[in-house]
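First comes the structure, then the notes that go with it.
What follows draws every value from the coordinates through simple rules; no lab data is involved. All values derive from a computational prediction rather than experimental measurement. Don't worry about glycine lacking a Cβ; one is built from the backbone with ideal geometry, like all the others, and counts go over all protein chains shown.
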Amino acid sequence: MKNKTSFNFEKGRIVSSKYEIINKLGQGWEGEVYLVKEIDTHIERAAKFFYPERNPKNKTVKAYAKKLHKLRACNSLIKYIAKDTLEINDEVITYLLSDFVEGYTFDTYINSWHPEGMPFYQALHLFYSVVKALEEIHINKEWHGDVHSDNIIIQKSSLSYDLKLVDVFHLAHGEKGSIQQDVYDLCYLLYDSIGGKLNYKSQPKIVKDICCGLKKTLIKKKFRNATQIRVFLENSTWE
């Protein structure tokens with residue numbers, strides 16, 4: 001398993017004599033996420049398996065689990081359930097289990113329904129839901145650390161959006177995130193949802209007031225956390 005870049009667990013594999021691999025959900029710098037089924041109950045879970053080289057002495061897993069536990073009251077976060085291990089080629093692999101949430105990723109939703117960008121009014125509604133979800137974390141003086149379109153699951157869309165944030169506390173090459181970086185990522189998310197550079201010039205003032213041309217110095221002057229963005233949205237004219 002040394003320096004291996006992928007586990008490549010096959011469908012039907014039994015893990016720790018407790019779970020059956022259903023399919024792979026995603027892969028990142030820290031490890032891989034699989035949909036698994038609990039053998040005794042047939043309940044589906046999401047299992048994140050950490051690459052050993054990204055988890056020295058279980059430090060990454062412990063920090064990840066503790067942060068999810070601290071933020072357990074945040075409805076926007078998928079709930080942490082348990083930690084377990086398995087052995088591959090004499091190497092212990094640690095994985096975390098959490099609730100499995102069905103829905104579209106933000107990216108899939110945009111590409112499927114609005115491949116050329118969302119109408120700004122609809123984009124603002126979706127953005128507002130993401131901002132409120134992230135605000136729960138910021139109120140607890142914590143940050144998500146990896147806010148992007150693949151880490152947002154849209155469960156329901158109508159006049160408002162029900163969504164969940166996944167993969168909290170991502171450690172990019174050992175670097176911690178920050179609340180301010182979450183804010184930058186939020187602005188990039190809105191920018192991408194309306195179609196990016198191609199459509200940005202034609203956007204109304206409210207969109208440009210939030211995105212600030214993606215200039216971090218301007219964004220930082222206006223917004224230091226998700227609450228400030230929410231208040232701005234609630235007190236601005238959407239036109």
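The residue among SER16, ALA133, PRO119 whose Cα reaches farthest toward the positive pole of the charge dipole of the chain, with charges on the beta-carbon of Lys, Arg, Asp and Glu, is ALA133.
Look at the dipole of the range 104-234 built from charges on Cβ: of GLN181, LEU214, ALA226, the Cα furthest out on the positive end belongs to LEU214. Restricting the range 194-239 to trypsin sites (Lys or Arg not before Pro) that sit in a DSSP loop and have at most 14 other Cβ atoms within 10 Å of their own Cβ leaves LYS201, LYS215, ARG224.
Over the chain, what relative contact order in percent results from Cα pairs under 8 Å that are six or more residues apart?
Working: 396 pairs, mean separation 36.7, N = 239.
Relative contact order comes out at 15 percent.
When the range 14-99 is described by a simple charge dipole with +1 on each Lys and Arg Cβ and -1 on each Asp and Glu Cβ, the residue from ILE43, GLY28, LEU68 located farthest towards its positive end is LEU68. Net charge dipole, the chain: roughly 900 debye, given to the nearest 20, about the Cα centre with Cβ charges of +1 for Lys and Arg and -1 for Asp and Glu. Of the listed values (i) 12.8; (ii) 11.3; (iii) 13.8, identify the label whose number matches mean projected area of the Cα convex hull in nm² calculated from this model. Answer label, from the structure shown: (iii).
Summed over qualifying helices (DSSP H, 4 residues or more, each -39500 (n - 2.57)) and divided by its residue number, the chain shows a 222 nm mean residue ellipticity of -10000 deg cm²/dmol.
When the alpha carbon gyration tensor of the range 38-123 is reduced to an equivalent ellipsoid, its three semi-axes come out at 32, 16, 16 angstrom, largest first. In the elastic network of the chain, a GNM with C-alpha springs shorter than 10 Å, the most mobile of PRO56, PRO204, PRO115 is PRO56. Among the GluC sites (Glu not before Pro) found in the range 1-109, those both in a DSSP coil and sparsely packed, with 12 or fewer other Cβ atoms within 10 Å of their Cβ, are GLU10, GLU102.
Straightening the chain between ASN75 and GLU20 buys 17.0 nm, computed as 0.36 nm per residue apart minus the Cα-Cα spacing. So between LYS208 and THR85, what do we pick up on full extension, going 0.36 nm a residue minus the alpha carbon distance? Difference between extended and current length: 39.5 nm.
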